[in-house]
Amino acid sequence: MKLLVTGGAGFIGSHFIRHLLAKYPDYQIINLDKLTYAGNLKNCEDYANSPNYRFVQGDIADKKLVDELAAEANVIVNIAAETHVDNSIEGPAVFLETNVMGTQNLLEAAKNHAHGRFVQVSTDEVYGDRLDGSFTEIDMLSPSSPYSASKAAGDLLCLAYKRTYGTPVLISRCSNNYGTHQYPEKLIPFFIKKLLAGEKVPLYGDGSNVRDWLHVTDHCKAIDLILHKGKIGKTYNVSSNEEHSNLEITKRLLELLNLPEDRIEFVKDRPGHDLRYSVDASKIKSELGWVPEVKFEDGFAEMVEWYKNNQK
Ligand code: NAD
């Protein structure tokens, strides 16, 4: 397989390429990443010199470059995105450029070069929030933020390319990931960084918003299964139903860092803040045999150790 993986210098993309190189040593991988503030080549340094791996700095919104690189591949896995909800509230335009127009460029290139598979890495946030129960893949999309709206638009374009042009798309919609190498703007690495610097952590609202946490390596294994065994045109939810409120996550961090609870500072809530995400992952489990392997307590504690040892 010759893969064009986008966003491979980010959190999930760098773990996914590491996973591929270890499991499929004969695959050729091109990592196309713009290196926005969220991308970091240090995330890829352990495999940067692999003979079957190549890094290209560039934008998925650059049609010509995308087409040239797609000509060298037979599969695209699109992981590149603008991903931070708070940024999308401040400035939505770049989210549309990357998450919608960038995705469309990649789809067009996959069509032009008759690629065998196109995997779109999406998010549970496209369904919006719900207080109880879980969304299945056929539920309506009801995104709340410009970020999730741009991801939903990308998903719909993928499905339209499948229906109109027969482009062999597959979509994953995963819950929140935790793990090493995440840019410190997202809750866990941001809070660890502040706590280690002796500062308080700003928790939105009363901290009762619930997120469903999956270890990043389990997400990568799910993308791998979808890439190799998923049914063309299908969407797969990915989650281990490990639900915790943001307050619970913060208290767990404090406990692991031996710090008191008065290091939490409750701040004004984010506009439109989703209360709870939950997706039903029965389909990927029953049809593709996916099982999450990392126990939350173990993965979480190991991750905290890594951030303790890897602050700049
Ligand atoms: P990230 O912000 O850590 O990394 C994104 C990467 O994409 C960065 O390396 C960045 O430089 C690159 N990028 C951004 N715009 C680009 C462009 N125009 N062209 C090329 N590269 C560009 O994000 P992440 O957390 O690794 O998320 C990756 C994907 O997984 C996203 O599509 C996101 O929606 C999805 N996802 C994330 C989570 C999560 O919890 N982090 C959960 C489910 C789904």
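Values computed for the structure shown
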{"quantity": "Near pairs, Cβ below 8 angstrom, 6+ apart or cross-chain, from region 120-132 (of a type in the set (Val, Ile, Thr)) to any residue that is assigned to a helix (DSSP H, G or I)", "calculated": "Val121/Ile12; Val121/Ile223; Thr123/Ser148; Thr123/Lys151; Val126/Ser148; Val126/Lys151; Val126/Ala152; Val126/Asp155"}
{"quantity": "Filter pass, Glu137 being among the acidic types (Asp, Glu) and either within 14 Å of the ligand (Cβ to nearest atom) or farther than 26 Å from Thr167 by Cβ (or both)", "calculated": "no"}
{"quantity": "Test: residue in region 130-141 that is in contact with a Ser or Thr (Cβ under 7 Å, 6 or more places away or on another chain), of a type in the set (D, E, K, R), more than 21 Å from Leu4 (Cβ to Cβ) and not in a helix (DSSP H, G or I)", "calculated": "yes"}
{"quantity": "Leading residue by the ranking (surrounded by the fewest Cβ atoms within 10 Å (Cβ to Cβ)) among those in region 207-226 that are farther than 10 Å from His19 by Cα and among the polar types (S, T, N, Q)", "calculated": "Ser208"}
{"quantity": "Complete set of residues in region 160-189 that are in a helix (DSSP H, G or I) and surrounded by fewer than 16 Cβ atoms within 10 Å (Cβ to Cβ)", "calculated": "Ala160, Arg163, Thr164, Tyr165"}
{"quantity": "Given (1) away from the ligand (no atom under 14 Å from the Cβ); (2) more than 25 Å from His219 (Cβ to Cβ), index of the condition Asp132 fails", "calculated": "(2)"}
{"quantity": "Ile60 vs. criteria part of a loop (DSSP other than H, G, I, E, B), within 14 Å of the ligand (Cβ to nearest atom) and within 18 Å of the chain's Cα centre (by Cα)", "calculated": "yes"}
{"quantity": "Single residue of Leu96, Leu106 found to be closer than 19 Å to Ala9 by Cα, outside any loop (DSSP other than H, G, I, E, B), hydrophobic (A, V, I, L, M, F, W, C) and modelled with pLDDT of 95 or more", "calculated": "Leu106"}
{"quantity": "Some residue of region 190-201 being in a helix (DSSP H, G or I), more than 29 Å from Leu20 (Cα to Cα) and touching an Asp or Glu at 6+ places or on another chain (Cβ under 9 Å)", "calculated": "yes"}
{"quantity": "Single match in Ile12, Ile17 (criterion: within 9 Å of the ligand (Cβ to nearest atom), more than 18 Å from Ser150 (Cα to Cα), in a helix (DSSP H, G or I) and among the β-branched types (Val, Ile, Thr))", "calculated": "Ile12"}
{"quantity": "Identity of the residue in region 1-33, free of Cβ contacts under 8 Å to residues at least 60 places away in the same chain and closer than 13 Å to Ala80 by Cβ, that ends up farthest from the chain's Cα centre (by Cα)", "calculated": "Ile30"}
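The values are calculated or read from the model by the stated rules, or taken from the named source; none is laboratory data. Everything quoted here is computed from the prediction, not taken from an experiment. Cβ sites come from the backbone with ideal geometry, for glycine too, and all protein chains shown count toward neighbours.
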